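Notes to accompany the following structure.
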Amino acid sequence: WSLLAVVAGLAYLLGAVPFGIVMARLFGLGDLRKIGSGNIGATNVLRTGNKLAAFLTVVLDAGKGGIAVLIARYTVGEDAAQIAGLCAFLGHLFPVYLGFKGGKGVATFLGTLLALAWPVGLLACAAWLICAVISRYSSLSALVSAAVSPIFMVYTGNGSMLVLGLVLTFLIYVRHWENIQRLKAGTETKIGKK
Ligand code: G3P
C-alpha cells in the first residue's frame, strides 16, 4: 500500500508538469495562459505558430501519462498502473505548480491509454486524427475520441479499464464545457488558427 501511495503521488507530480507552459517559455513564446484560449495544451501552443513547440508539448504531455503507467506497472502491478494513469491525468487537470488550474488532459489521456492498452490508445488516437482531418477542430476531435474510447476498451477485450475510461471521458467533457459552447455557437477556432 505504501509503495502504491508513493507511485500514485509520483504519477500526480509528473502529470502536473505543464509542458505547454514549459515549452512556451523555452521557445520564448510568452505566457501560454495569456494566449488564445488560455489553455496550457499543445493546441494552444500551436496558436503561437510554433509547430515544434506544439509537437514537443503533445509528446511530453502524452509521455508523462505513459511513463506514470509504466512505472506503476513494473513496480506494483496492473491495478496500480490504472491508478497511476488517473493520478497523472488529474495532475494535468489540477497541477499543484499552477495553483491547481490546469489543462484539459487530452494528450495525457491518449498517452495513458497507449501505455495501459496500446490497441485502445491507437484507436483513440486514430479517432482524434480522423476527426481533426475532417473538422479541423481540436476540441471536437478530443470529444469524439473520449466518447468512443470506452467502446474501444470493450471491443478490444480491455473491459477492466472501463471504469477508468468512463471517469477520464467524463472529466474531458467537463473540461471542454466552454469549447462545447463555442462549437455550438460556431465560434470555436480551428487547428492552427489564432
Ligand atoms: O486538447 C485541448 C483541446 O481539446 C482544446 O484546446 O486551446 O482549443 O481550448 P483549446
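Of the listed requirements (1) open to solvent by 50 Å² or more (accessible area, probe 1.4 Å); (2) at pLDDT 95 or above, Lys193 misses just one: (2). When each of Phe170, Phe100, Phe89, Phe109 is tested for being under 21 Å from Ile40 (Cβ atoms), hydrophobic (A, V, I, L, M, F, W, C) and not in a helix (DSSP H, G or I), the lone residue that passes is Phe100.
In segment 24-51, the residue that is nearest to the ligand (Cβ to nearest atom) out of those that are within 18 Å of Lys190 (Cα to Cα) and open to solvent by 60 Å² or more (accessible area, probe 1.4 Å) is Gly36. Whenever a residue of segment 57-70 is among the polar types (S, T, N, Q), its partners that are in a helix (DSSP H, G or I) and open to solvent by less than 30 Å² (accessible area, probe 1.4 Å), lying with C-beta atoms within less than 7 angstrom and at least six residues away or across chains, give the pairs Thr57/Gly20; Thr57/Met23; Thr57/Ala42; Thr57/Val45.
For (1) open to solvent by 20 Å² or more (accessible area, probe 1.4 Å); (2) away from the ligand (no atom under 11 Å from the Cβ); (3) in contact with a Gly (Cβ under 7 Å, 6 or more places away or on another chain), each residue gets a yes or a no:
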residue: Ala53; (1), (2), (3): no, yes, no
residue: Gly65; (1), (2), (3): no, yes, yes
residue: Val69; (1), (2), (3): no, yes, yes
residue: Val76; (1), (2), (3): yes, yes, no
residue: Leu98; (1), (2), (3): yes, yes, no
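Which of the residues that make up segment 11-23 are open to solvent by 20 Å² or more (accessible area, probe 1.4 Å), under 13 Å from Gly103 (Cα atoms) and more than 15 Å from the ligand (Cβ to nearest atom)?
Val17
Please specify each residue of segment 74-120 satisfying the condition of being small (Gly, Ala, Ser) and within 14 Å of Asp61 (Cβ to Cβ).
Across segment 74-120, the qualifying residues are Gly85, Ala88, Gly91, Gly102, Gly103, Gly105, Ala107, Gly111, Ala115.
Taking the numbered list (1) part of a helix (DSSP H, G or I); (2) surrounded by 14 or more Cβ atoms within 10 Å (Cβ to Cβ) in turn, Glu188 passes all entries but (1).
Scanning segment 103-121 for residues that are within 14 Å of the ligand (Cβ to nearest atom) and either surrounded by fewer than 24 Cβ atoms within 10 Å (Cβ to Cβ) or aliphatic (A, V, I, L, M) (or both) turns up Val106, Ala107, Leu110. Tallying residues that are closer than 22 Å to Ser139 by Cα, open to solvent by 20 Å² or more (accessible area, probe 1.4 Å) and either among the polar types (S, T, N, Q) or in contact (Cβ under 8 Å) with a residue 12 or more places away in the chain (or both) within segment 151-168 yields 3.
The values are calculated or read from the model by the stated rules, or taken from the named source; none is laboratory data. This one's a predicted model, so the numbers in the text were calculated from it and none came from an experiment. Glycine gets a Cβ as well: all are built from the backbone with ideal geometry, and neighbour counts include every protein chain shown. Accessible surface is based on the protein model in full, side chains and every heavy atom, while ligands, DNA and RNA are left aside. Shrake-Rupley method; radii C 1.70, N 1.55, O 1.52, S 1.80 Å.
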